[in-house]
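What follows is calculated from the coordinates using simple rules that are stated; it is not laboratory data. These numbers were taken from a predicted model, which means no experiment stands behind them. Cβ sites come from the backbone with ideal geometry, for glycine too, and all protein chains shown count toward neighbours.
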Amino acid sequence: MFKLFNLSLEEANLARKRSVCCLVIYDIVSNKRRLKLSKILAGYGERIQKSCYEMNLEEAVYKSLIDDIDLFYRKNDNDNIIIYRAIDGEVVRYNEYVPEFSQEYFLFL
């Protein structure tokens, strides 16, 4: 858990609820669809690699991101989109791949 200095307990709880830090990693076969997803993600965060975006969003905006990706995702096109949510370790997968390793080993600093 992170430490919030100089905040009352109520303010600290509000700060924890407001911010969702996440990483979106994708692999899209179609160039046209890849560009479209990149434009969607650019509206939410900052590109840190060719197919990876980092975001710090309010909870409501995070839910909007999930809704946009739900609308974009096509299982039949072999789209691969993974969202790592830093605070609670939630991982949202849009793909057929199931990793062999345990996700409890992820650590976000």
(message) Multiplying the sequence separation of L35 and C52 by 0.36 nm and subtracting their Cα-Cα distance, what value in nm do you get?
(response) 4.9 nm
(request) For every other residue with a beta carbon closer than 9 angstrom to the beta carbon of Y53, add +1 if it is Lys or Arg and -1 if Asp or Glu, then tell me the sum. (result) -1
(request) First measure r as the distance between the Cβ atoms of K75 and E11, then evaluate 1/(1 + (r/R0)^6) with R0 = 35 Å and state the FRET efficiency to the nearest 0.05. (result) 0.25
(request) Calculate one ³J(HN,Hα) per residue across the range 21-38 by plugging θ = phi - 60° into the Karplus curve 6.51 cos²θ - 1.76 cosθ + 1.60, and present them in order as whole Hz with x for glycine and proline. (result) 8, 9, 10, 10, 10, 9, 9, 10, 5, 6, 4, 5, 5, 4, 5, 4, 5, 4
(request) Report, by chain and number, residues whose modeled amide H sits under 5 Å from the one on D79, excluding near sequence neighbours (fewer than 5 apart, same chain). (result) R74
